[in-house]
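The values are calculated or read from the model by the stated rules, or taken from the named source; none is laboratory data. Computed from a predicted structure; not experimentally measured. A quick note on method: Cβ atoms are made from the backbone with ideal geometry, for glycine too, and the neighbour counts reach across all protein chains shown. Protein only, heavy atoms only, side chains kept; ligands, DNA and RNA dropped before computing areas. Shrake-Rupley method; radii C 1.70, N 1.55, O 1.52, S 1.80 Å.
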Amino acid sequence: MAESTLIMTKQANDIDGSVKQKAYTFLQKLINDDSAPGLHIEPIVGAVDRRVRTGRVDDKYRAVLFKLAGETPTYVVHGIWMHDEAIRQARITKFRMNPVNGVAEIIQEEAAAEPETQPESRLAVVEPEVAAPAEEPPRPQPLLSVSMAELVELGIDSRLAQRAVQMTDDRAFNALVTPSPTSQLPTWQSEALLALATGSSLDDVRRDLFEAPEEVAAEGRVDSAPEEPVVPGSDQELIAALKKPASQMQFAKIKGADELRRVIEDGDFGAWRVFLHPVQRTWVQKNTNGPLRLAGGAGTGKTVVLVHRARRLANDRPDARIVMTTFTRNLADDLASSLKSLDPQVPQVGLGENGVHVTGIDALASAVIRSAQPGELAAAAQKVLGAARADVGGRVDNHLWGTVAGEVSELPEKLRNARFLESEYEMVVLPNRIVDEAGYLRVRRPGRGVRLNKGVRQAVWQAVARYREEEALQGCADFAEKAAIAAECLKARVADGGHVADHVLVDEGQDLKPSHWMLIRALVGARANDIFIAEDGHQRIYGQKVVLSHYGIETRGRSRRLTLNYRTTAENLRWATARLKGLDYADLDGQEDTVDGYRSARHGAEPVVKSCSGLVEELDVTAEVLRGWISEARQSGRSEALAVLMRDKQQRDRVVSGLNERGVAARAVDRGGVGAGGVDEPVVMTMHRAKGTEFTKVLLFDVDLEGAGRMSHGYDFSEEDQADAQKRERSLLYVAASRARDELAIVHSLKKYRGRSEARGPEKNQNRPVHNDQD
Ligand SMILES: Nc1ncnc2c1ncn2[C@@H]1O[C@H](COP(=O)(O)OP(=O)(O)OP(=O)(O)O)[C@@H](O)[C@H]1O
């Protein structure tokens, strides 16, 4: 009995639900012993590839495989089809190493007897389903600014290259380069062409796809034994080609029965676990002295990289203490379950233990505080608050800044405002560890927008002092203060026992506040792979813009942006990014952040925008759209997750009851998991809560298409802050729209928004920034 190695392809992974169990049994048997009775592994006469085999999955279905000889055989699973289609596929499909760049690929050739009919190339490129460019209004410029020869030099099939360089129409181009179960377009070729069409240069493509850094290339090598020279055209050459990072976008070695089961059960949804983009793989493996920052639009797989990287660090050094953190508890729960689903063997542990500790950043601060001795806590609070308090565990009343603002009559009217005071406190007072008026009068406040003279600073400090007094009376501290106090505790502990973590990985970095960054810096010393940050400046929906280097985290020169969106369709992406148009965004290095090159390889329907006359009609339309989606899903038998997203919790509850009254069994989601969210019970949640989630179809309810938004009110103490608040509203729409995998609907009532903004009166003291713990 000889065990086999199994290589799954991304396309083969999408196995029809009705044969998944049988496919699993077949492939598991194949791994155990390819000569087992009942598998019927057989060659096909007249096939273009002598390595091709078919295998019997059941009476109707056959697997198409490529067998590579070695010490033990390797089987590359091309796919599972009904008998006749499987035989056809087996005849015309070839597994090869691309002769130009050495990447493994599956291509289709015409039957061996007919090669002369297509002299320039025998690769069968399926015609795009969309109308040919000749039928479209002519456009002056082709989409690609490279020549056919340059594409061929990259390794792109010559026939595909010829068609691609002639294309002037987006949709036709996308149809040409989008892989489908019938086109057999190698994944790397599709990605290379899409990247070139969205602004990457040939050098960018070469670097990203073919030039893996040493640590990634080393990961792909067979083992440390001296390598035998590989004979050209041999099976060993193909096995080596499978290990190239660009090959691993499409081919993945299956390690064990559990992985096989998960890969088959999850199909495309589990692709993130095995088929990484070479750039993702690089950022999983990269070793550096100092922090790394990975930026990228929504759905580009930043979290995927973070989770893979946590596993990689844990596997490299089982005694490493790794912290993986993010902005909210819900997001942290998602990270924990992704890590578990990627690798259940990675120990998820408490802070300071060997393994990965996954936690929300505020929960992390609270845990440090809970673990501190009273003396330690008092010393830390002295540094942060100017009072040696050990009673900082309680929660601050949400309205405390508003109350204080109302009490300090010396504050100018414009600044007598909870939002101003809270942001001044979090951005200036806390990070600078200001504990008295003299310190506040001296401090520099770059980037704060509103200028303060001495008298105003004194008034602001009066408010801060009142705030702190009240907290001392109540025995509490707010989240930002807790993070600052936790950071001071950890800094003090370094002298005794060193740092509490070896590696810290941060997701949703754009939303973290200065005190959070100071806490992160205090968790881990400056060392190899100390901090890894995933962020998207366009998705900042809480707090102010932050520059990491101000808090001892220097990522300049060690940053990268991901641009391929895996989640949503190109159509939804266009709608989502259009929300950001005309605004400037910055990344955590303080540099311009753009959506240039941001692309999706998937296509679908255009988003549907429904204009309504008011709330009742909005609810009617929402119920109607949901009923349509539910009935489509039921008819197709697909399991789909449906969600309705809106701006705030009151609206959410109104929508749930409105939908229930209309016979749609919707369910509100607040804290805690989203649950199945299947078609029988669409979920309804705020756009803030939807951060980090994804659904098959998403409806945005009562959208303010002008993006002026309610949040901008209350920020009129400075033009910059008001503009920033409006920007966050647009970002929120971008976040919400980019949750949709397939379809997006937008329901709005423009008339009502006009009325609302005209009717807005002063509500200054009640205003308070939305906090992560609230939404
Ligand atoms: N290499 C990959 N292959 C297949 N799917 C992938 C890959 N990388 C990411 N995905 C999928 O794309 C979706 C988005 O990934 P992820 O959540 O990591 O993106 P993100 O950049 O963190 O998004 P956001 O910023 O919106 O939170 C997920 O469904 C994930 O499984």
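Within the stretch 290-319, being touching a strand residue (DSSP E or B) at 6+ places or on another chain (Cβ under 7 Å) and over 28 Å from Val547 (Cα atoms) holds for one residue alone: Ala314.
Looking only at residues in the stretch 682-695 that are within 11 Å of the ligand (Cβ to nearest atom) and of a type outside the set (A, V, I, L, M), the one that is farthest from Arg329 (Cα to Cα) is Phe695.
Residues in the stretch 423-442 that are in contact (Cβ under 8 Å) with a residue 12 or more places away in the chain, farther than 19 Å from Leu519 by Cα and open to solvent by 20 Å² or more (accessible area, probe 1.4 Å): Asp436, Glu437, Leu441.
This table checks each residue for (1) free of Cβ contacts under 8 Å to residues at least 60 places away in the same chain; (2) under 20 Å from Cys476 (Cβ atoms).
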position: Gly394; (1), (2): no, yes
position: Asn398; (1), (2): no, yes
position: Ser409; (1), (2): yes, no
position: Leu415; (1), (2): no, no
position: Leu421; (1), (2): yes, yes
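Checked against (1) at pLDDT 95 or above; (2) more than 30 Å from Ala149 (Cβ to Cβ), Ala104 meets all criteria but (2). Show me the helices (runs of 4 or more DSSP H) entirely contained within the stretch 597-706 in which 3 or more residues are under 27 Å from Ser337 (Cα atoms). Qualifying helices (runs of 4 or more DSSP H): 687-690.
Out of the stretch 403-420, which residues are hydroxyl-bearing (Ser, Thr, Tyr) and either within 23 Å of Gly439 (Cβ to Cβ) or part of a helix (DSSP H, G or I) (or both)?
Thr403
Looking across Arg521, Arg560, Arg567, one residue alone is at pLDDT below 95 and outside any loop (DSSP other than H, G, I, E, B). It is Arg560. Do the conditions hold for Thr577, that is, is it open to solvent by 10 Å² or more (accessible area, probe 1.4 Å) and within 14 Å of the ligand (Cβ to nearest atom)? So Thr577 fits the description; yes. Among the residues making up the stretch 493-516, those that are within 16 Å of the ligand (Cβ to nearest atom) and not aliphatic (A, V, I, L, M) are Asp507, Glu508, Gly509, Gln510, Asp511. Taking the criterion of being crowded, with 23+ Cβ neighbours inside 10 Å and either away from the ligand (no atom under 13 Å from the Cβ) or over 19 Å from Arg741 (Cβ atoms) (or both), the residues of the stretch 286-304 that qualify are Pro291, Arg293, Leu294, Ala295.
Of all residues in the stretch 640-672, those satisfying the criterion of being open to solvent by less than 60 Å² (accessible area, probe 1.4 Å), over 19 Å from Gly614 (Cα atoms) and not acidic (Asp, Glu) are Ala641, Leu642, Ala643, Val664, Ala665, Ala666, Ala668, Val669, Gly672. Return yes when Ala534 is away from the ligand (no atom under 16 Å from the Cβ) and of a type in the set (A, V, I, L, M, F, W, C) and no when it is not. When the stated conditions are applied, Ala534 does not pass them. Scanning the stretch 309-331 for residues that are within 15 Å of the ligand (Cβ to nearest atom) and open to solvent by less than 10 Å² (accessible area, probe 1.4 Å) turns up Arg309, Ala310, Met324, Thr325, Thr326, Phe327. Would you confirm, using the coordinates I've provided, whether Ser35 is more than 16 Å from the ligand (Cβ to nearest atom), open to solvent by less than 50 Å² (accessible area, probe 1.4 Å) and under 21 Å from Ala257 (Cβ atoms)? When the stated conditions are applied, Ser35 does not pass them. Only one of the numbered conditions (1) within 16 Å of the ligand (Cβ to nearest atom); (2) among the hydrophobic types (A, V, I, L, M, F, W, C); (3) open to solvent by less than 10 Å² (accessible area, probe 1.4 Å) is violated by Val392, and that is (1). Do the conditions hold for Val621, that is, is it touching a Cys at 6+ places or on another chain (Cβ under 8 Å) and either open to solvent by 60 Å² or more (accessible area, probe 1.4 Å) or assigned by TED's automatic domain parsing to the domain that holds Asp724 (or both)? Judged against the criteria, Val621 is a match. For Ser338, the criteria (1) more than 10 Å from the ligand (Cβ to nearest atom); (2) within 27 Å of Asp589 (Cβ to Cβ); (3) among the hydroxyl-bearing types (Ser, Thr, Tyr) hold in every case but one, which is (1).
To keep it simple, each residue is scored yes or no on (1) within 29 Å of Ser371 (Cβ to Cβ); (2) assigned to a loop (DSSP other than H, G, I, E, B).
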{"residue": "Val396", "(1), (2)": "yes, yes"}
{"residue": "Trp401", "(1), (2)": "yes, no"}
{"residue": "Ser423", "(1), (2)": "no, no"}
{"residue": "Val435", "(1), (2)": "yes, yes"}
{"residue": "Ala438", "(1), (2)": "no, no"}
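Please determine whether any residue of the stretch 95-113 is part of a strand (DSSP E or B) and open to solvent by 30 Å² or more (accessible area, probe 1.4 Å). Yes, some residue in the stretch 95-113 is part of a strand (DSSP E or B) and open to solvent by 30 Å² or more (accessible area, probe 1.4 Å).
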